[in-house]
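Here the structure comes first, spelled out in structure tokens, and everything after it is commentary.
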Amino acid sequence: MRTPILFASLIGIGATGFAFAGEAADIAAIKHERCEMAGRNMEMTMCMGRELEESDARLNLVYSTLVRALARPQSLQQVQRTWIAFRDAECRFQNEAMEGGSGYRFAVDLCLTKITEQRIAELERVQPCNGCVEFKPAFYGSKGYQLPPRPKFGKSPGE
């Protein structure tokens, strides 16, 4: 019976993703634009790699904070493993025709960044509530559940 639950969770990810797509798209667009202005292909590719690293670091921070706060994190852990496989396969599929070309790595990293930013927005919206996601008791009431703020966008990471 785990497969229907996992499938239902993935459908939920897709459905909620539309609500946060605008915010994630804005961040991904800023990163894309910043790297397009980096210069030649090699510099653009290196820039997008750094932007993906920043997105992955934020995703890992949000995910690990959420896992520590959840009363039963196993479902999230299973969904996250499946989501990573989906994200990677989706970006390979979307850029299949470019494989071997000079823009392939940039295009794949851009795709990974876009989908990762969408996932970050989804996970940042998870909050303790009665009858939905169950958090550990310490996260209800006055202490609450908060994520570290995301730094404002300025220079590209590593610059």
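Miscellaneous remarks
- Filtered residue count, region 90-131, keeping only those that are of a type in the set (G, A, S), on the phi < 0 side of the Ramachandran plot and part of a loop (DSSP other than H, G, I, E, B): 3
- Summed over region 30-40, residues that are exposed (fewer than 13 other Cβ atoms within 10 Å of the Cβ) and either at pLDDT 95 or above or part of a helix (DSSP H, G or I) (or both) total 1.
- Only a single item in (1) among the small types (G, A, S); (2) surrounded by 14 or more Cβ atoms within 10 Å (Cβ to Cβ); (3) closer than 20 Å to C35 by Cα is not met by G103, and it is number (2).
- Odd one out for D109 among (1) within 19 Å of M44 (Cα to Cα); (2) surrounded by fewer than 20 Cβ atoms within 10 Å (Cβ to Cβ); (3) in contact with a helix residue (DSSP H, G or I) (Cβ under 8 Å, 6 or more places away or on another chain): (2)
- For region 50-64, a residue qualifies if it is touching a residue at least 40 places away in the same chain (Cβ under 8 Å) and surrounded by fewer than 17 Cβ atoms within 10 Å (Cβ to Cβ), and the qualifying residues are E53, D56, L61.
- If only residues of region 67-98 that are at pLDDT below 95 and among the charged types (D, E, K, R) are counted, the one that is nearest to A29 (Cα to Cα) is R68.
The values are calculated or read from the model by the stated rules, or taken from the named source; none is laboratory data. Please read these numbers as outputs of a predicted model, since none were measured by experiment. FYI the Cβ positions are ideal-geometry reconstructions off the backbone, even for glycines, and counts take in every protein chain you see.
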